[in-house]
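Below is one structure, written out as structure tokens; comments come after it.
The values are calculated or read from the model by the stated rules, or taken from the named source; none is laboratory data. Since this is a predicted model, take the numbers as computed values, not measurements. Neighbour counts run over all protein chains shown; Cβ positions are idealised from the backbone, glycine included. For the accessible areas, the whole protein counts, side chains as well, though only heavy atoms, and no ligand, DNA or RNA atoms are used. Shrake-Rupley method; radii C 1.70, N 1.55, O 1.52, S 1.80 Å.
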Amino acid sequence: MSKLSIEDLSIFAKKKGFVFPSTEIYGGMSGFFEYGPLGVELKNSLKQHWWKTFVQDRDDICGIDGSIISSGKVWEASGHLSSFADLLTECSKCKKNHRADHLIEDKLKINVEGLGADALNKIIRDNKLECPECKGSLKEIASFNLMFPVQVGADATKDSTAYLRGETAQLIFTAFKSVVDSSRVKLPFGIAQIGKAFRNEISPRDFLFRTREFEQMEIEYFIRPKEKKCPLLSKRQLDLEVLFYSESAQKSKKEQKKVKISQLVKNKVMGEWHAYWLAESYLWYTELGMQEKNLRIREHTSEELSHYSSGTFDIDYNFPFGWKEIHGNANRGQFDLTQHQKFSGKPMDIFDEETKEKMIPWVVEPSFGADRAFLAFLYDAYHEDKERGNIVLKLHPKLAPFKVAVFPLVNKIEEQALQVYLLLKKDFISMFDRSGSVGRRYARADEIGIPYCVTVDFDTEKDKSVTIRDRDTTKQIRVKITELKDVLRKLLDGEKFESCGKVLSQK
Ligand code: GAP
């Protein structure tokens, strides 16, 4: 794991065009970011891969794209207007508001996840904690709702107050009946969505980790309430070994340990559906190259469960600022559909052709944060290579913003190299680089994670071939230009580098 601080990673991300603070020319705004030319490619690849894996490659999940603004009634029904809050404490001197749990955790280095206002007040009092900005005294803790209200239309009434969505999930629940009526979905099935969510976080921090505007990639998976067996659960998920931090280990301050998903099911730590979705979610990260040593699954303690959940397991990433959630997997049961049935007056039950019963399905929710995935992939890939003297961003080729760079060895053969570049550009996101030495160009490509560099040299004219260099090993192969596209396609699909061309001896 890189020791790079989150501040240094954000400087790197800005310098290379991955992420900028939003509206920086006006001084920026805390908790908002812009994805730059490389960042937007990486984030788009990540989202496309997610959509392909969980929607397009499966028969049991379809997608929607819901609206970002919706009426207050939706959020009243979902419980977000009453329960979606964090606890804050105001400084009586400088008037700055602090998120109480973060302030305590930062100062005392203890975990206070899930503790209520009384317990946090007591910790603040007992430890004589003060405002970290001005050392002023801290007021009694108050609850702060995270939903962003917006006024819709010209006539401002109480009823016209709407909200930016605090999670994409609710739009799936409100569209549930329309999807069932218009599509041929049959239980069990899922509805997926990728889109923006907004939370008025008290103290956004840690770069992309806690922002006020972010993107979620969520699935609401609907199952028969009585169906405890998951027919999709197979060896692939059961044999998966993960670092697991149980509720009891957290409470008794014991270590997290390695377990197989099959053990968690056998010991009834989680049901089969939950196990299936946790494993599939975990595998999405690792199949895109995320290192398993940086991942763990953590069970929520009963005190910290969201208002809608009867059981949640997070996938955490080992960031330099601690193990933190990048994915939440909640057992939402019938909570949301029942609430929407109650508040809208519209029936939310559906007819199940197999059991010939009407029912409100049960929901398991795998929820991925796109920005936190982006941050974790960036961290995981960041590697300072002492031998090369430069940074190597070891992003999975599927995520790399540019898939290939083309260089002329010297400027005299630039025309020929341009032809190769134009040949590739239509099929692969490609870059042409002619400036500086070839060594410098390799270093520049390494730093932004380009997996393959193609060099056109003096022999290209004669043997109609080029050299491909592998970012991670710096090994090189010689490949015919006529075969170049096929070879790159194979490489991007994961074929072994050495088997794709004539291996050249390394100087
Ligand atoms: N629908 C369930 C839900 O919203 P959550 O645990 O609050 O659950 C799910 O959020 C995921 O959304 C998190 O695992 C995280 O990746 C992302 N997320 C939540 N709040 C975020 C924030 N303030 N900034 C960036 N990402 C956030």
Please go through (1) under 17 Å from Thr168 (Cβ atoms); (2) without any contact (Cβ under 8 Å) to a residue 60 or more places away in the chain; (3) of a type outside the set (S, T, N, Q) for Ile68 and return the number of the only condition it doesn't satisfy.
(2)
Can you say whether Leu337 is open to solvent by less than 60 Å² (accessible area, probe 1.4 Å), modelled with pLDDT of 95 or more and not hydroxyl-bearing (Ser, Thr, Tyr), as far as the supplied structure shows?
yes
For Tyr308: the one exception among (1) within 12 Å of the ligand (Cβ to nearest atom); (2) surrounded by fewer than 20 Cβ atoms within 10 Å (Cβ to Cβ); (3) under 22 Å from the mean Cα position of the chain (by Cα); (4) modelled with pLDDT under 95
(2)
Does region 30-54 hold any residues that are away from the ligand (no atom under 16 Å from the Cβ) and among the acidic types (Asp, Glu), and which are they?
Glu41
State whether the residues of region 69-85 include one that is part of a loop (DSSP other than H, G, I, E, B) and surrounded by 17 or more Cβ atoms within 10 Å (Cβ to Cβ).
yes
Could we say that Glu133 is of a type in the set (D, E, K, R), within 30 Å of Gln341 (Cα to Cα) and open to solvent by 70 Å² or more (accessible area, probe 1.4 Å) here?
no
Identify, please: which residue in region 307-317 is without any contact (Cβ under 8 Å) to a residue 60 or more places away in the chain and not acidic (Asp, Glu) and is, among those, farthest from Ser178 (Cα to Cα)?
Ile315
Quick check: is even one residue across region 185-205 closer than 14 Å to His80 by Cβ and more than 24 Å from the chain's Cα centre (by Cα)?
no
Check Trp273 against each of (1) in a helix (DSSP H, G or I); (2) within 15 Å of the ligand (Cβ to nearest atom); (3) not polar (S, T, N, Q) and name the one condition it does not meet.
(2)
In region 136-167, the residues that are of a type in the set (S, T, N, Q), surrounded by fewer than 16 Cβ atoms within 10 Å (Cβ to Cβ) and under 20 Å from Arg212 (Cβ atoms)
Ser143, Gln151, Thr161
Only one of Asp472, Asp446 is in contact (Cβ under 8 Å) with a residue 12 or more places away in the chain and part of a loop (DSSP other than H, G, I, E, B). Can you tell me which?
Asp472
Taking first residues from region 318-332 that are closer than 11 Å to Ile6 by Cβ and second residues anywhere that are modelled with pLDDT under 95, the pairs with Cβ under 7 Å that are 6 or more apart or on different chains are Pro320/Lys3; Pro320/Leu4
Segments classed as helices (runs of 4 or more DSSP H), wholly inside region 150-256, with at least 3 members that are free of Cβ contacts under 8 Å to residues at least 12 places away in the same chain
169-182
Count of residues meeting criterion [touching a Phe, Trp or Tyr at 6+ places or on another chain (Cβ under 6 Å) and either over 28 Å from Met290 (Cα atoms) or not β-branched (Val, Ile, Thr) (or both)] in region 347-368:
3
Would you mind stating whether Thr89 is free of Cβ contacts under 8 Å to residues at least 60 places away in the same chain and either surrounded by fewer than 15 Cβ atoms within 10 Å (Cβ to Cβ) or not polar (S, T, N, Q) (or both)?
no
Do we have Gly328 as on the phi > 0 side of the Ramachandran plot and either in the same structural domain as Arg210 (by TED's automatic domain parsing) or within 16 Å of the ligand (Cβ to nearest atom) (or both) here?
no
Checking Tyr285 against (1) under 19 Å from the mean Cα position of the chain (by Cα); (2) of a type outside the set (D, E, K, R); (3) away from the ligand (no atom under 14 Å from the Cβ), the condition it does not meet:
(3)
Flag for Phe313 being open to solvent by less than 30 Å² (accessible area, probe 1.4 Å), assigned to a helix (DSSP H, G or I) and within 13 Å of the ligand (Cβ to nearest atom):
no
Would you be able to say whether some residue in region 37-47 is open to solvent by 70 Å² or more (accessible area, probe 1.4 Å) and under 18 Å from Arg205 (Cβ atoms)?
no
Any residue that is in a strand (DSSP E or B), open to solvent by less than 70 Å² (accessible area, probe 1.4 Å) and not polar (S, T, N, Q) - is there at least one of those in region 118-127?
no
